[in-house]
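Worksheet: one structure, shown below.
The values are calculated or read from the model by the stated rules, or taken from the named source; none is laboratory data. Note that the structure is a prediction, hence the values are computed from the model and not measured. Every residue, glycine among them, receives a Cβ derived from its backbone with ideal geometry; neighbour counts consider all protein chains shown.
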Amino acid sequence: MSRWEIRIALALTLFFTGFTGGAEAAAPTVVDVIAKMAVKGRAAKTGYTREQFGTAWKDVDHNGCDTRNDILYRDLTSIIYKVSAKDCVVFSGVLVDPYSGESISFLRGVATSSDVQIDHVVALSNAWQTGAFKLTLEERTELANDPLNLLAVKGRLNSQKSDGDAATWLPPRKSYRCTYVARQVAVKYKYGLWLTAPEKAAILKLLQTCPGQVIPNG
């Protein structure tokens, strides 16, 4: 475990126990966490490239499989692996898309792989403009490959979202929206990013329908 990973683990441990002061503390709500976060305008996009977040789909956990296939394995069912891929490269499976609720068949291939894409819940360009430009390459690579920040989703919705935050894009499946913004806030808090004023307002408005929504820790 790198010094950065140790620092993140310690910060999260302290945060999740800090509200009641004990190891058995309940997970904080999204409202609790937002109250601790900075609010600023978006920084300039100057300098942003995908390469600023390391090699795409790097095997950061050293399990022999890249991050994309790790997430497909986590989020899909009825998985079949590519022959001779050592149970690593997902060839096909079924996704129940969290953003739409639709059931989508995934088939690996040039014309079909894009039907299911891996979404960065906090888009990388959004992360860059809300503080990630200050992080090291190692830290940004961790953010880009963190399972907390990754979901297998319907490809068209991932493209539609682009680099939007909660003020400009929410999943069409309304029952998932509270879970979605909770994950966004968790990622931004974990990596020391900030919220914009419109983003915070949109999240707080949504949380009126789910005031007890807790922060995911993984």
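So Ala11 fits all but one of (1) at pLDDT below 90; (2) more than 19 Å from Ala144 (Cα to Cα); (3) surrounded by 14 or more Cβ atoms within 10 Å (Cβ to Cβ); what number is the exception?
Single failed check for Ala11: (2).
Look at Glu142 and say whether it is among the acidic types (Asp, Glu) and either under 13 Å from the mean Cα position of the chain (by Cα) or within 16 Å of Val39 (Cα to Cα) (or both). Outline the logic, then answer.
Numbers: among the acidic types (Asp, Glu): yes; either under 13 Å from the mean Cα position of the chain (by Cα) or within 16 Å of Val39 (Cα to Cα) (or both): yes.
Taking the combined requirement at face value, the residue satisfies it.
Using the structure shown, decide if Thr179 is part of a helix (DSSP H, G or I) and closer than 21 Å to His62 by Cβ.
When the stated conditions are applied, Thr179 does not pass them.
Enumerate the pairs (first residue in the range 172-184 and under 13 Å from Glu102 (Cα atoms); second residue anywhere and among the polar types (S, T, N, Q)) with beta-carbon separation below 8 Å, excluding pairs fewer than 6 apart on the same chain, so at least 6 apart or on different chains.
That search, which allows pairs on different chains as well, returns Pro172/Ser100; Arg173/Ser100.
Within the range 33-61, count every residue that is part of a loop (DSSP other than H, G, I, E, B) and either touching a Ser or Thr at 6+ places or on another chain (Cβ under 8 Å) or not hydroxyl-bearing (Ser, Thr, Tyr) (or both).
Total satisfying the criteria: 20.
If I ask for residues that are under 8 Å from the mean Cα position of the chain (by Cα) and not charged (D, E, K, R), which ones from the range 145-164 would you list? Quick ask: steps written out before the conclusion?
Keep residues of the range 145-164 that are under 8 Å from the mean Cα position of the chain (by Cα), which gives 146-151.
Across the range 145-164, the qualifying residues are Pro147, Leu148, Asn149, Leu150, Leu151.
Filter the strands (runs of 3 or more DSSP E) completely within the range 62-149 down to those with at least 1 residues that are β-branched (Val, Ile, Thr) and buried (at least 19 other Cβ atoms within 10 Å of the Cβ).
Those strands (runs of 3 or more DSSP E) span 90-96, 116-120.
Any residue that is without any contact (Cβ under 8 Å) to a residue 24 or more places away in the chain and either assigned to a loop (DSSP other than H, G, I, E, B) or out of contact with any helix residue (DSSP H, G or I) (no Cβ under 7 Å at 6 or more places or on another chain) (or both) - is there at least one of those in the range 189-208?
Checked against the condition, which is being without any contact (Cβ under 8 Å) to a residue 24 or more places away in the chain and either assigned to a loop (DSSP other than H, G, I, E, B) or out of contact with any helix residue (DSSP H, G or I) (no Cβ under 7 Å at 6 or more places or on another chain) (or both), the range 189-208 yields at least one hit.
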